[in-house]
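Asker: Before we start, here is the structure in question, set down as C-alpha cells.
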Amino acid sequence: MAIAGTIRRYLKDKGIDFDVVVHPHTTSSLLTAETAHIDPAKIAKGVALEDEHGVLLAVLPASRELDLHILENQIGRRLRLVREARLPELFPDCQVGAVPALGPAYGLDTIVDESLRTQDEVYFEAGDHEELIHVREDQFEKLMAGSQFQYFSHRLDL
C-alpha cells in the first residue's frame, strides 16, 4: 500500500522533506522498530482516545506506554480507547490498526509526549503496516503545530 492520501497531502502542504522506510509487515510499533532496525524511542505511535467531548490522538514513542491517569489529570478529561471498529471512520485511508501519529492531518485534537522532542529524527506509520515516514525532529514539530506537548508516558521494560 502506498502512503495514505491524507498523510501525503499533509506532508506536501506543510512542505516537509521525508523519506519512506519499507519494512516487513508488523502488528505493533515495537515489532516495527525491531524489523526496521530503528530505535523504538524514535518511532511515534498514535493512540486514539475518546470521551463525550470527542476524539483525542495521543502520540508517544514506541519505547513508552501511555499513562492514561497522568494524561487525564493533565487535560481534565476521562478518556477511553477508541474501539478498533471505529478506526476506519477516523482514518478512512489507513489500514485498520495502522493508526497514524498525524492527528492534525485528520482534524483530530492531538497531544504529543514531550519525550519525542529529545530525538533528532522521528518515524511514524504511513497508513499501513509496511511503511514508515522518516522526518527530522524539527519537521515533526512542524507537522504537530497546534498540538499540546506534555509528559504522559512511562518507559517500557524492553
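Asker: Can you find a residue in the range 24-37 that is out of contact with any His (no Cβ under 7 Å at 6 or more places or on another chain), at negative phi, in a loop (DSSP other than H, G, I, E, B) and modelled with pLDDT of 95 or more?
Answerer: Within the range 24-37, not a single residue is out of contact with any His (no Cβ under 7 Å at 6 or more places or on another chain), at negative phi, in a loop (DSSP other than H, G, I, E, B) and modelled with pLDDT of 95 or more.
Asker: Still on this structure: Looking at the range 73-85 only, could you name the residues that are at negative phi and part of a loop (DSSP other than H, G, I, E, B)?
Answerer: Of everything in the range 73-85, those that are at negative phi and part of a loop (DSSP other than H, G, I, E, B) turn out to be ARG77, ARG78, LEU79, VAL82, ARG83.
Asker: Let me ask something else about it. Filter the range 22-41 for residues that are surrounded by fewer than 16 Cβ atoms within 10 Å (Cβ to Cβ) and either of a type in the set (Val, Ile, Thr) or within 25 Å of PRO88 (Cα to Cα) (or both) and give the result.
Answerer: VAL22, PRO24, HIS25, THR27, SER28, THR35
Asker: Could I ask something else about it? Please indicate, with yes or no, whether at least one residue in the range 49-68 is more than 22 Å from PHE152 (Cα to Cα) and touching a strand residue (DSSP E or B) at 6+ places or on another chain (Cβ under 7 Å).
Answerer: For the range 49-68, residues more than 22 Å from PHE152 (Cα to Cα) and touching a strand residue (DSSP E or B) at 6+ places or on another chain (Cβ under 7 Å): absent.
Asker: Counting only residues that are surrounded by 15 or more Cβ atoms within 10 Å (Cβ to Cβ), in contact (Cβ under 8 Å) with a residue 60 or more places away in the chain and not polar (S, T, N, Q), give me the strands (runs of 3 or more DSSP E) lying completely in the range 86-158 with at least 3 of them.
Answerer: Once the strands (runs of 3 or more DSSP E) in the range 86-158 are filtered for at least 3 residues that are surrounded by 15 or more Cβ atoms within 10 Å (Cβ to Cβ), in contact (Cβ under 8 Å) with a residue 60 or more places away in the chain and not polar (S, T, N, Q), what remains is 121-125, 131-136.
Asker: Only one of (1) in contact (Cβ under 8 Å) with a residue 60 or more places away in the chain; (2) closer than 18 Å to GLU137 by Cβ fails for ALA62. Which number is that?
Answerer: Among (1) in contact (Cβ under 8 Å) with a residue 60 or more places away in the chain; (2) closer than 18 Å to GLU137 by Cβ, the lone unmet condition for ALA62 is (1).
Asker: Out of all the residues in the range 131-143, which are out of contact with any Leu (no Cβ under 8 Å at 6 or more places or on another chain) and either within 13 Å of VAL59 (Cβ to Cβ) or modelled with pLDDT under 95 (or both)?
Answerer: GLU141, the sole residue that qualifies.
Asker: Got at least one residue in the range 98-111 being in contact with a strand residue (DSSP E or B) (Cβ under 7 Å, 6 or more places away or on another chain), at pLDDT 95 or above, among the hydroxyl-bearing types (Ser, Thr, Tyr) and within 23 Å of ALA145 (Cα to Cα)?
Answerer: Among the residues of the range 98-111, at least one is in contact with a strand residue (DSSP E or B) (Cβ under 7 Å, 6 or more places away or on another chain), at pLDDT 95 or above, among the hydroxyl-bearing types (Ser, Thr, Tyr) and within 23 Å of ALA145 (Cα to Cα), which makes the answer yes.
Asker: Between GLY46, GLY54, GLY15, which is more than 12 Å from LEU132 (Cβ to Cβ) and under 17 Å from the mean Cα position of the chain (by Cα)?
Answerer: When all the criteria are applied, what remains is GLY46.
Asker: So which residues in the range 42-72 are assigned to a helix (DSSP H, G or I) and either buried (at least 19 other Cβ atoms within 10 Å of the Cβ) or charged (D, E, K, R) (or both)?
Answerer: Scanning the range 42-72 gives LYS42, LEU71, GLU72.
The values are calculated or read from the model by the stated rules, or taken from the named source; none is laboratory data. Source: prediction; values computed, not measured. Don't worry about glycine lacking a Cβ; one is built from the backbone with ideal geometry, like all the others, and counts go over all protein chains shown.
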